[in-house]
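What follows draws every value from the coordinates through simple rules; no lab data is involved. Just so it is clear, the model here is predicted, and its values are computed rather than measured. Positions of Cβ are generated from backbone atoms using ideal geometry, with glycine treated the same way; all protein chains shown enter the neighbour counts.
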Amino acid sequence: MIDKKYFETHSFKDLEEVITAIYPFGNYNKLTSGYIFRGQKRKEFSLTPSVLRREDSENVWSLGTFGKPINNQSELSTFQMQLEYDLLKQFYDKSDIAGLYTPEIKRFRNRIHDIFNTELFFYSEEWLPDELVEIAGIAQHYGMQTRLLDWTYDYNIALYFAAIGMLDKESKHEDCILWALNYQFFNFLWDTVKRSPLNIIRPSYYGNPYLEAQKGVFTLWKERKESLVDNAKDSNILSNIVDRRPLDERISEYMDKIHGANESNNISEKLLYCFVIPGELKKDILRWLYSNGYSEEILFPGYHGVVKAIRNNALAKGI
């Protein structure tokens, strides 16, 4: 449930309202500065990173190299973070062998043949650590599950990712969602005692044409990963359950914590907007985006994007 103290929900009524929302004279023109955007194909989708979505848990664990723990231990945050580390190291290793660009990560490079990833167990650190964010961003943009959430600086690109659900059987007629996050507010908190665990991350666009074309930026809600030594000292750590709550719930809880219920109304601007787009508008939105240069061959640079554009154009004609 959206917390109205910090968030606002609005349902668009027609195409004109959708495309002019952040124009200089649009109803939400204030979002042109200091906000990032995210489009989702279906209204019921939450702001939960792919690696933490409960419905995808079995699939994600099947990608690991050490197997899923027994007796529901996969729901412990310690094992979840080990899995994420394993997936990123696999991606790094195979990308490097294939001659693809990989950032220099000493903890991976120095132990590239350590199949048990033993060094992970000796660190207490924020998760994800800064040194793994760039490789996580690359992996995310090419389909690997991570705890990053994709956003964009461009409102229309977010519209594309919301409206393109029109071409999927599962979401063809469904309402879709466009989110706007006040990243500037959290940046202001960065160097204060009220600094939140929400990190706004823009990795280098160099070497990642998808990220550049889509004007991509990530959010990451950092948590604490304890070492085995810490686990041995504090048995309560082993009872920590994976936090799968969506970003809006985490933000709401954090804001109540630092401001208190009585001060929450003093927030001058909403932190998150949720725009609901009726399913019947998606076709016209997609046509408008295509006519204004927001098409697959631009958003997905390379031959893959060209083929994607041809196929999607054919699908759109049949609807």
Rounded to 0.05, the calculated FRET efficiency for the beta carbons of Glu223 and Leu315 at R₀ = 25 Å is 0.05
Net charge contributed by nearby residues that have their C-beta within less than 10 Å of Ala309 (K/R +1, D/E -1): 0
Net charge around Ala158, counting only other residues with Cβ within less than 11 Å of its Cβ (Lys, Arg = +1; Asp, Glu = -1)? 0
Spatial separation of Cα centroids for segment 174-205 and segment 137-171, in angstrom: 17
Enumerate the calculated ³J(HN,Hα) couplings along segment 248-256 in order (Karplus 6.51 cos²θ - 1.76 cosθ + 1.60, θ = phi - 60°), each rounded to whole Hz, writing x wherever the residue is Gly or Pro. 4, 5, 5, 4, 4, 4, 5, 5, 4
Compute the FRET efficiency between Glu280 and Ile258 as 1/(1 + (r/R0)^6), taking r as their Cβ-Cβ distance and R0 = 30 Å, and round to the nearest 0.05. 0.15
Contour minus Cα-Cα distance for Leu15 and Thr65 (0.36 nm per residue): 13.3 nm
Say each of Glu212 and Asn72 gets a label point 7 Å from the Cα, pointing the same way as Cα to Cβ; how far apart are those two points in nm? 4.9
Can you list the HN-Hα couplings for segment 15-29, worked out from phi with the Karplus curve (6.51, -1.76, 1.60; θ = phi - 60°), rounded to whole Hz and with x for Gly and Pro? 4, 4, 5, 5, 7, 9, 3, 10, 5, x, 10, x, 5, 10, 4
Inter-site label distance for Ser291 and Asp114 at 7 Å from Cα along Cβ, in nm: 5.8
Return the label of the correct value of P(r) over Cα pairs in 20 Å bins from 0, in percent, as calculated from the structure shown, out of (1) 28, 53, 18, 1; (2) 19, 22, 20, 16, 12, 7, 3, 1, 0; (3) 29, 57, 14, 0. (3)
Expressed in nm to one decimal, what extension gain is obtained for the pair Lys30 and Asn187 from 0.36 nm per residue of sequence separation less their Cα-Cα distance? 54.8 nm
Taking placed amide H atoms and a strict 5 Å upper bound, the residues 5 or more places from Trp127 or on another chain that come that close are Glu223, Arg224, Lys225
Of Leu220, Phe25, Leu76, which is farthest towards the positive pole of the chain's charge dipole, taken about the Cα centre with +1 and -1 on the beta-carbons of Lys, Arg and Asp, Glu respectively? Phe25
FRET E, pair Ile97, Arg195, Förster distance 35 Å, beta-carbon r, rounded to 0.05: 0.35
Net charge, Lys41 excluded, C-beta distance under 12 Å - Lys, Arg +1, Asp, Glu -1: +1
